[in-house]
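Notes to accompany the following structure.
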Amino acid sequence: MELSLEAYRLIVKYVGNRADICTLCRVNKGFQRAAERALYNTIFASDTSDTLIMCSLLADQPRLAIMVEALTVFVGDESHSGSSIRSDLPENFWPTVARALQLTTRLRFLNLHLDYAGDTAQAWVLEQTTFRLRSFHCDLLWDIHLISFLNAQPDIDDLYIVDYRVPDNTPTSAVPSSSLDAGALPYLSTLECTFTEAAGALVPTRPISRLKTCFSKTHLREKREELSLLFTKLFQATHPLHSLDIADSSYSELFSMELLTAVVRLQNQVQGLQYLGTLVLPIGGQEVHGFVELRLQFYGLLRRLPYLQCVEVDVSEWEPPPPIPAGVRALASELRLYCPSVERVIFVNDFERTVITAVHGICESLTQSGSECILTGMTQYYVNGDPLPWVQTDSLEPQALDPIGQT
């Protein structure tokens, strides 16, 4: 008995695991169509070997390639040293990836993770692709091929780039300053980049509402110049910021206060700011002259962000460190006295993060060690791997925040 397409899809939807879905492919043609669509809609290759196998399959089977809408590929293997990975990468690896990408014409979400010692200037694999992405995570070298690809992707609203190079304006430059068109990426709203120079280049004239970046300078004078240049560019964004996360190689109270002051001075650009990090929480105590007053100034600046819901603070320099959970819970309660809109505080002590969440007005805590708890999108938390939209926290029980997941 032949079932309708909707019936086949409904049955496949409620199958428990991928192995059973594979079995359904062999039942009949109806189940095969529905099951293959479920199997190949989202592909995650966790290592170099899986990436080559899956891309070879897609390159050889165009019928399957057109079903792929989300693709994650990984180049590298934590069990090997960088040198061995470089030598073991097959010669046909990148051509196979390129061919697979050319055939995935319905691709909307692409993640290219590279963690190896080889050449990362492989953006040429994106040439001759016809898909239009919405989300793009890219660990490739910033070069003319990557710029050309971004210029041809008008639908991207979520972008991560690990590399950026300030263009050389000389005639012989391989990456002329005008390569990234002024009208490129018109809907870009979420940007994560490891250099403020990249943020400065991509933020102006675009509706960036979620930004995560990192200061690259180490000396205070240079860092102040970097801060000034970045925030000049933030004024040119066409959408107010909802979340702002700026990391630093070395955190200090002085510069953190300057950063917070600069954020507040953005005025209309940050009136709806919901997430802010990472700031150094000033140390309190009468025995240290001026620190109590400094923390009050810190809270006073935070009060000028009326919609702030989550703030990340660094307490790595506290001696002794605030005890967990009692100490950080008390600090979170103190912060909420001055900033009642804040419902979640993330304390960073070296590589350990402690999340304090206000539930029915009471601060609860849970520690997440050795992993990133902050999200690229910032307007969503990932709880046990699932996205949790912003909600009133009086309806939210404290839960562990998993590392960044892919939606």
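Numbers for the structure displayed
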{"item": "Residue among Ser333, Ser316 that alone is small (Gly, Ala, Ser), at pLDDT 90 or above and either in contact with an Asp or Glu (Cβ under 8 Å, 6 or more places away or on another chain) or buried (at least 18 other Cβ atoms within 10 Å of the Cβ) (or both)", "result": "Ser316"}
{"item": "Residue count for the stretch 313-334, restricted to those that are over 17 Å from Glu258 (Cβ atoms) and in contact (Cβ under 8 Å) with a residue 40 or more places away in the chain", "result": "4"}
{"item": "Residue identified as buried (at least 19 other Cβ atoms within 10 Å of the Cβ) and polar (S, T, N, Q) among Thr196, Thr238, Thr261", "result": "Thr196"}
{"item": "Check on Gln271, under 19 Å from Tyr338 (Cβ atoms), surrounded by fewer than 17 Cβ atoms within 10 Å (Cβ to Cβ) and of a type in the set (S, T, N, Q)", "result": "yes"}
{"item": "Failed criterion for Arg9 (all others in (1) outside any helix (DSSP H, G or I); (2) modelled with pLDDT under 75 hold)", "result": "(1)"}
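The values are calculated or read from the model by the stated rules, or taken from the named source; none is laboratory data. These numbers come from a predicted model, not from an experiment. Here Cβ is always computed from backbone atoms with ideal geometry, including for glycine, and neighbour counts include all displayed protein chains.
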